[in-house]
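The values are calculated or read from the model by the stated rules, or taken from the named source; none is laboratory data. Note that the coordinates shown come from a computational prediction; the quantities given were computed from them, not determined experimentally. Cβ placement follows ideal geometry from the backbone for every residue including glycine, while neighbour counts extend to all protein chains displayed.
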Amino acid sequence: MAIAAPPLLSMLQGLISTPSISSVNHEFDQSNLQVIELLANWLSDQGFQCEILPLKSNPHKANLIATIGSGPGGLVLAGHTDTVPYDEGRWQNDPFKLTEDSNRFYGLGTADMKSFLALAIEAARPFKADDFKQPLIILATADEESSMDGARELVQLGRPRARYAVVGEPTGLVPIRAHKGMMMESIRITGQSGHSSNPDYGNNALVGMYKVLGNLIEWQQELANNNINPLFDVPYPTLNLGHIHGGDNPNRICGQCELQIDLRPLPGMDIEELQHKLSNRIATTIENTGLSYEISHLMSGTPAMDTPIDSPLIRAAEKLTGHSAAAAAYSTEGPFLQQLGHDTMILGPGHIAQAHQPDEYIEQSMLNPAVKLLQDMISQFCLNN
């Protein structure tokens, strides 16, 4: 007889107390293997077949595919195991301890999104292997908060395969059927440094970047005018001028300047096409200036997601939650699950406003409704089909 996984609060405590920060800054980046092993042990105890899949890009990180039941359809409950770094000294509570206070549970990852993985295991607890007519897959991924390499490698593997997928990011238990994509680019303008007493001694990269900034602001407005989707609160793609630095001293002509931007495309907008347009605009802007440019991707772009409103998954979620499916401005691993052939939805407890913040928390009142909702979805898509 299988040994039951620990009680829900014990699972929450175990996940929160196991650090698994991912970051593009190597100083903060950590392995997620301990979290993956915890989940695999608990899921194995409940009869799931567990596969731990180390990332080719980083063997210290891994994905977990845990499956119970079989068939051509079924449901994936997906969550990422990593968290963002935390602001040391700004937390009132220990970020690595599940702390209960004022009907909230505090801890790094409570909202975004370790709690969902524990809740998915809890939701599956009442069901036996023989109950499943279609598979239930609990998927735990690596590095969503930095590179999304975990999800990208799953696409390369072509796994997991099911008919429907729920990504348990914090939505307040409101179904999200669409979200924007994300691309982050670095634009570097190179000129020639020289003594500032005579502009002819060099070629100022800051002057070139000034022209680039003007062009990008024009493009920002063009994108907003020509691409509208009323499903979103901000119904147009956004282009943010996020970070700039250049030069090294006021008495030297600036030899190099770098700008970093964030662009959030709507569904239907192709990231590679946008990157190509960006390159053409920069090239045209600095043509005949003697300056050169280089564009590099700060991260591999994440496409937008859009699941049809008439998907059985969306219809079921709207009926079960009482909320109409909405759209979000942030990005998730949902598009990668779509690439694997799943109808995909974002739905989980907690609120995005609590994510990435000091004293991150999840409201206790959301836990039981989340378990009930997941159980209803398991019953509909794994037991009744």
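Just the residues that are assigned to a helix (DSSP H, G or I) and surrounded by 15 or more Cβ atoms within 10 Å (Cβ to Cβ), please, taken from region 216-241. Result: LEU216, TRP219, GLN220, LEU223, ALA224.
Strands (runs of 3 or more DSSP E) fully within region 127-213 that include at least 2 residues being polar (S, T, N, Q), in contact with a strand residue (DSSP E or B) (Cβ under 8 Å, 6 or more places away or on another chain) and surrounded by fewer than 22 Cβ atoms within 10 Å (Cβ to Cβ): 183-190.
Hey, can you tell me all the residues within region 351-378 that are within 27 Å of PRO135 (Cβ to Cβ) and either surrounded by 15 or more Cβ atoms within 10 Å (Cβ to Cβ) or of a type in the set (Phe, Trp, Tyr) (or both)? Hits for region 351-378 are MET366, LEU367, ALA370, VAL371, LEU373, LEU374, GLN375, ASP376, MET377, ILE378.
Return yes when ILE187 is farther than 25 Å from ASP29 by Cβ, in contact with an Asp or Glu (Cβ under 8 Å, 6 or more places away or on another chain) and in the same structural domain as ILE271 (by TED's automatic domain parsing) and no when it is not. When the stated conditions are applied, ILE187 passes them. Among the residues of this structure, THR110 counts as one that is within 21 Å of the chain's Cα centre (by Cα) and hydroxyl-bearing (Ser, Thr, Tyr).
Given the structure, is GLY69 small (Gly, Ala, Ser) and in contact (Cβ under 8 Å) with a residue 24 or more places away in the chain? Against the criterion (small (Gly, Ala, Ser) and in contact (Cβ under 8 Å) with a residue 24 or more places away in the chain), GLY69 qualifies. Close Cβ contacts (under 9 Å, 6 or more residues apart or on different chains) running from residues in region 140-156 that are on the phi > 0 side of the Ramachandran plot to residues that are of a type in the set (A, V, I, L, M) comprise ASP143/LEU55; ASP143/ALA151; MET148/MET299. Among the conditions (1) in contact with an Asp or Glu (Cβ under 9 Å, 6 or more places away or on another chain); (2) over 21 Å from ASN203 (Cα atoms); (3) modelled with pLDDT of 95 or more; (4) hydrophobic (A, V, I, L, M, F, W, C), ILE228 misses just one, which is (1). When each of GLY181, GLY172, GLY191, GLY208 is tested for being at positive phi and either in contact with a helix residue (DSSP H, G or I) (Cβ under 9 Å, 6 or more places away or on another chain) or of a type in the set (D, E, K, R) (or both), the lone residue that passes is GLY172. Are any residues in region 299-338 farther than 21 Å from ALA78 by Cβ and either among the charged types (D, E, K, R) or outside the structural domain of MET148 (by TED's automatic domain parsing) (or both), and if so, which ones? Of everything in region 299-338, those that are farther than 21 Å from ALA78 by Cβ and either among the charged types (D, E, K, R) or outside the structural domain of MET148 (by TED's automatic domain parsing) (or both) turn out to be ASP310, LYS319. Just one of (1) farther than 22 Å from LEU154 by Cα; (2) in contact (Cβ under 8 Å) with a residue 40 or more places away in the chain trips up ARG315, so point out which. Single failed check for ARG315: (2).
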